[in-house]
Amino acid sequence: MKKIFVFLFLSTQTILYAQFSELAQTPPMGWNSWNAFALNINSKIVKSVADSMVSKGLAAAGYQYIVIDDGWQLARDKDGKIVADSTRFPEGIKYLADYVHSKGLKFGIYTCCGTQTCGGRPGSFGYETIDAKTYAEWGVDFIKEDWCFTDGLDTRTQYKIMSDAIKASGRPMLLSLCEWGVSSPWEWGKGIGAMWRTTSDIQDCFDCESNWGGMGWVPILELNANLAPYAGPGHWNDPDMLEVGNQTLSPIECRSHFSMWCMLAAPLIAGNNISTMSDAIRDILTAPEIIAIDQDPIGVQGIRIRNNAGLQVWEKPLHDGSTAVALLNVTTSIAQMEVTLEEIGFQKGVVSSVRDLWKRKDLAPIKESYTVEVGSHDVVVLKIKGKKSTVSKLAFEHSSITLNKGNHQLVQLSVLPSSTPLIVTSSNDDILSLSRAGVNTYWISALNEGHCFIKASTSDGKMSTTTNVHIVPMTIPSPWKFDDIKDNKASVTSENNIYSIESGGADIWGTSDQFAFLNRGVVGDNFISARVISQANTDPWAKTGLMLRENTAPNSVFVMLCVTPGNGISLQWRETIGGSCDKKDLGPASLPAYFKLSKKGSTFHAYKSFDGKQWDSLSDVTMNHGFSEKYLVGLEVTPHSSHKLNLSKFDQVVVEPLAGK
Ligand code: GLA
């Protein structure tokens, strides 16, 4: 009896596993309420969109999911079960799910890992099991889980809790992670969810970038250009929902936006009002040959093979041996654009077929290259098929690399064709560790002094190349030490008393930090002063400056005086371990400039200077919970982005006891 039970249990698990992994074999397609309706969503709108999905041909084109975003929840009942807003959804959510199913479509819902959703409704924190069970009872097929109100929480842990709760519910429901790319979900999201947002929210504009991080589709495309290696059947990078058919984008910009999302093998989640859209917008959203690129069964995300000041050439290998090519012009003028057979892996001199996928027309065959005029903000999408060429180039950018122990470096390979799969290894993992950083790009980490080499070879082993790596001692003078807090991308070098610090990391803010910290231990009241020579303009909130910090834990207590590219000088602090941060903005700055931060008891004073002699007081802050006697003082750098690096330079660094100063 027992044996039979175990067998039954195992086979149910296997079936369930199979069902979950089948959910997103190609990028999910559907509609979500947020971009067009924000919190003003109701049952009438959802029903009308479901009707239109069918009547306007979107369902036939492949769109499946109807997802209600934020704004449907109201409260929890005495048993903790989520209660929908009965004014907006008078018949309840199960009714809507049934309605959507009756149209042959699938139904999705939104929640949040935190205590509240971004719109202030009840979140799923602590209620994951009961929420997953409730959604399963309602017949939900898709769950988007956001990341607001998550102070002190860890992304992987929280999404895993929901993922497990969904599996335990027994109903295959697709989990869509929405932590805005802050903890590089492409590195860990596979198996937890079927898709993960890679950036902050898309805005209804071509290339705008807001101070808080939201941006138009062109900068989002940029941030996804290097993420191709992380996507594939069942696990997709999500550059956010479409803005096609909303207020601002021209029809041409909508067409380019849609084309590029298809080149990225992105989930195609329409974000407009399907019920009232024009025929022109419907024709974009349902373009069959463009959608076929997105839905191609081998599920390879496209890569950019060239970008000449906004003239971008992208390619995406397809299952039938052909290659989709997008010639995208994000400049303000019309341009002549070209793609060669050689760069997309076909033999030159041999006839290749070319089809224009928007015109749905075969063009004259080519033997070398294809050239076409592309209008401003427009795109031409082609499908090219020729005779496969062998790899004609494989080389490291540098023939030899010297790295200080403890530092990291990006290593780039030149490969032709660029989409060639490679195997890259270190000859000595004790000296040098290696990890993927993107398309033909790897991070190397210098673990110990010594010599070794990195080898890159094609997967058939027919072609290979190496580069020598020398790991030499760290150059920073004692008593300084260098900490890369929650990120493995930082480097420091010191030469002629100039410290160059390069760092990755999402931010120093919230309840947990990601940054580089060159620091030393001190006791009692001290000050640090330094000249900030330069800062990489990676993001309006990239931070370069001085910090006093209780320890190197990512959630520890600190005070920081920093300069930013877009928000001037800022004094920021965290008063309690894992507490959230606070700030005072102190006006504009131009670099180079001197900064000083001192601690006297629990009060911290911030100063700036143009010459390092005459100090202007900027502001101060008192830490109401005190500050430890022994602490760290030093230089901090963060790019305020998990996609970028901030290289900052400092000199004239002074750390001294405060007495008499
Ligand atoms: C966040 C998400 C958006 C949307 C809103 C809802 O900003 O990133 O996509 O779900 O919350 O409040």
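Taking the centroid of alpha carbons for each part, region 584-629 and region 98-150 are 45 Å apart. Could you sort out which of K56/K103; K596/K644; K383/K455; K316/K361 sit more than 23 Å apart by Cα distance in this structure? As for pairs spanning more than 23 Å Cα to Cα, those are K596/K644; K383/K455.
Distance from the Cα centroid of region 179-257 to that of region 274-293 is 19 Å (rounded to whole angstrom). Net charge in the neighbourhood of T622 (other residues with Cβ under 13 Å of its Cβ; Lys, Arg +1, Asp, Glu -1) is 0.
Calculated translational diffusion coefficient of region 533-639 (4 °C, 1.567 mPa s; Stokes-Einstein with Kirkwood radius over alpha-carbon pairs) equals 92 µm²/s. With the cut-off at 1.5 for a/c, could you classify region 419-568 from its C-alpha gyration tensor as rounded, prolate or oblate? Prolate, since a/c reaches 1.5 and a/b exceeds b/c.
Against the main long axis of the alpha-carbon atoms of the chain, helix 43-55 sits at an angle near 50°. Full extension of the chain between D320 and V350 yields a length gain of 9.0 nm, computed as 0.36 nm times the residue separation minus the alpha carbon distance.
With the simple model of a label 7 Å out from the Cα in the direction of the Cβ, N624 to K160 spans 3.6 nm. Counting only residues at least eight positions apart within a chain, or on another chain, the aspartates and glutamates with an alpha carbon under 13 Å from that of K393 are E342, E343. Listed by chain and number, the aspartates and glutamates placed with their C-alpha closer than 20 angstrom to that of K613 are D651, E656; residues fewer than eight positions away on the same chain are left out. Estimated from helical segments only, the mean residue ellipticity of the chain at 222 nm is -5000 deg cm²/dmol, where each DSSP H run of four or more residues counts as -39500 (n - 2.57). Relative to the longest principal axis of the Cα atoms of the chain, the long axis of helix 155-169 lies at roughly 30 degrees. For a straight C-alpha distance cut-off of 20 angstrom, the lysines reachable from K144 (same-chain residues fewer than eight places away being disregarded) are K47, K81, K94, K106, K133, K160, K167, K190. Relative to the longest principal axis of the Cα atoms of the chain, the long axis of helix 93-102 lies at roughly 40 degrees. Under a point spin-label approximation (7 Å from Cα along Cα-to-Cβ), what is the S478-S369 distance to one decimal in nm? The modelled label-to-label distance comes out at 5.9 nm. Estimated at 0.36 nm per residue, the fully extended path between N551 and D79 surpasses their Cα-Cα distance by 165.8 nm.
Remark: relative contact order (region 567-655) = 18 percent; criterion is Cα-Cα distance under 8 angstrom and separation of 6 or more residues.
Based on Cα contacts under 8 Å between residues 6+ apart, the chain shows a relative contact order of 9 percent. Near L422: Cβ cut-off under 13 Å, other residues only, Lys/Arg at +1 and Asp/Glu at -1. The net charge is +3. Contact order, relative form, for region 485-587: 20 percent (alpha carbon pairs under 8 Å, 6 or more residues apart, mean separation divided by residue count).
If you sort the three axes of the alpha carbon gyration tensor as a ≥ b ≥ c, you get a/c of 1.5 or more for the chain and a/b no higher than b/c, which makes it oblate.
Taken together, the values in this text are just the output of simple stated rules run on the coordinates, not laboratory data. Because the structure is a prediction, the values reported are computed rather than measured. Here Cβ is always computed from backbone atoms with ideal geometry, including for glycine, and neighbour counts include all displayed protein chains.
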